[in-house]
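For reference, the structure discussed in these notes is given below.
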Ligand code: ADP
Ligand code: MG
């Protein structure tokens, strides 16, 4: 559905986007996650044809955005970071204006009514946009994106500046829209992608640094695997035996937790699953495994480590 190949965008000699590529299938809800300044808006503006790239291509449903921007734009509903609203228009006037601008062919009244129902803005249809709350204005921004019923929706930080209740409403709305549209949304908030998206693309300093669903992302980038084992047995011998196991990099004694029972932090090579050999080794020696838990990093830990460790953009 969407294919982005080797997009590069420079401002002066600074890279805003440095060689980003990805593919998105029809029906996916994909989150662009990255800190402020990562290059999310720049990527989205290129993808929607609002900004030109220095090099690279973006293809929407087989149409190259550079070769045929008019046709490609018809496939995309875009909600930019600052929605292009006209404050002195009523919602009705504004959506009619957008309808004309997009050269929409659907029956006008029915189409706009359907959108207003879906977005739940019927109540404010005849009100001036400047008199609406931030939450309603954002909905009008969504409505604008939906005019023409484009199969792809691109939403740049759609919940920024909203209060917690409005954020929940907008997230629910995105989930509903995701049933009929391919959706790409950007955010610098981890919970947002976790609650809404099927897939997460992490962008930092203009580069794509991770791509996957919440689980595989955690797994792929977790690095060394850490376990905490609670073992009944002689402390020094247990520690020595753990250290001698294949794939174990590091063992630390975390203290006594029950009589004759200590907890040990065990760090292993990423490819090694120590659990079965650990169980056998302990059983062979007559020591007892009282508990075992994984200390794998949460997506949050992964996100923080990604944005602090990765980089490589020439300044
Ligand atoms: P994000 O949306 O992830 O916060 P942006 O795509 O807006 O990031 O910005 C990426 C980088 O490009 C930032 O370092 C930003 O300062 C820079 N940048 C964006 N727009 C411009 C511009 N018009 N002129 C110069 N630098 C820009
Ligand atoms: Mg942005």
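Is the stretch 15-24 home to any residue that is under 22 Å from residue 194 (Cα atoms), away from ligand 2 (no atom under 16 Å from the Cβ) and buried (at least 16 other Cβ atoms within 10 Å of the Cβ)? Yes, the stretch 15-24 contains a residue that is under 22 Å from residue 194 (Cα atoms), away from ligand 2 (no atom under 16 Å from the Cβ) and buried (at least 16 other Cβ atoms within 10 Å of the Cβ).
For the stretch 17-36, the set of residues classified as in a strand (DSSP E or B), closer than 15 Å to residue 5 by Cα and either within 15 Å of ligand 1 (Cβ to nearest atom) or in contact (Cβ under 8 Å) with a residue 40 or more places away in the chain (or both) consists of 17, 18, 19, 20, 21, 22, 24, listed by residue number.
For the stretch 76-91, the set of residues classified as more than 16 Å from ligand 1 (Cβ to nearest atom) and either within 23 Å of residue 155 (Cβ to Cβ) or part of a loop (DSSP other than H, G, I, E, B) (or both) consists of 76, 77, 84, 85, 86, 87, 88, 89, 91, listed by residue number. Screening residue 96 on (1) more than 16 Å from ligand 2 (Cβ to nearest atom); (2) under 21 Å from the mean Cα position of the chain (by Cα) shows it passes everything except condition (2). For residue 84, indicate whether it is out of contact with any strand residue (DSSP E or B) (no Cβ under 8 Å at 6 or more places or on another chain), farther than 21 Å from residue 26 by Cβ and within 16 Å of ligand 2 (Cβ to nearest atom). For residue 84, the condition - out of contact with any strand residue (DSSP E or B) (no Cβ under 8 Å at 6 or more places or on another chain), farther than 21 Å from residue 26 by Cβ and within 16 Å of ligand 2 (Cβ to nearest atom) - is met. Report whether or not residue 55 is away from ligand 2 (no atom under 16 Å from the Cβ) and in contact with a strand residue (DSSP E or B) (Cβ under 9 Å, 6 or more places away or on another chain). Spelling it out, residue 55 is indeed away from ligand 2 (no atom under 16 Å from the Cβ) and in contact with a strand residue (DSSP E or B) (Cβ under 9 Å, 6 or more places away or on another chain).
Do we have any residue at all in the stretch 302-313 that's modelled with pLDDT of 90 or more and not assigned by TED's automatic domain parsing to the domain that holds residue 19? No, every residue in the stretch 302-313 fails to be modelled with pLDDT of 90 or more and not assigned by TED's automatic domain parsing to the domain that holds residue 19.
If you go through the stretch 33-44 and keep only what is at pLDDT below 95 and either surrounded by 19 or more Cβ atoms within 10 Å (Cβ to Cβ) or away from ligand 2 (no atom under 14 Å from the Cβ) (or both), you end up with 33, 34, 38. Checking each residue in the stretch 1-13 for being within 16 Å of ligand 2 (Cβ to nearest atom) and either out of contact with any strand residue (DSSP E or B) (no Cβ under 9 Å at 6 or more places or on another chain) or not in a strand (DSSP E or B) (or both) picks out only 11. Answer yes or no as to whether residue 67 is modelled with pLDDT under 95, more than 26 Å from the chain's Cα centre (by Cα) and part of a loop (DSSP other than H, G, I, E, B). Here the answer is yes, as residue 67 does meet what is asked. Which residues, taken from the stretch 37-55, are away from ligand 1 (no atom under 15 Å from the Cβ) and not in a loop (DSSP other than H, G, I, E, B)? Hit for the stretch 37-55 is 55, nothing else.
The residues of the stretch 176-189 that are in contact with a strand residue (DSSP E or B) (Cβ under 8 Å, 6 or more places away or on another chain) and under 15 Å from residue 143 (Cα atoms), listed by number, are 177, 178, 181, 183. Here residue 292 clears all of (1) outside the structural domain of residue 34 (by TED's automatic domain parsing); (2) without any contact (Cβ under 8 Å) to a residue 60 or more places away in the chain; (3) on the phi < 0 side of the Ramachandran plot except the condition numbered (2).
The values are calculated or read from the model by the stated rules, or taken from the named source; none is laboratory data. Not measured: the values here are computed from a predicted model. Heads up, the Cβs are rebuilt from the backbone with ideal geometry, glycines too, and the neighbour counts pull from every protein chain shown.
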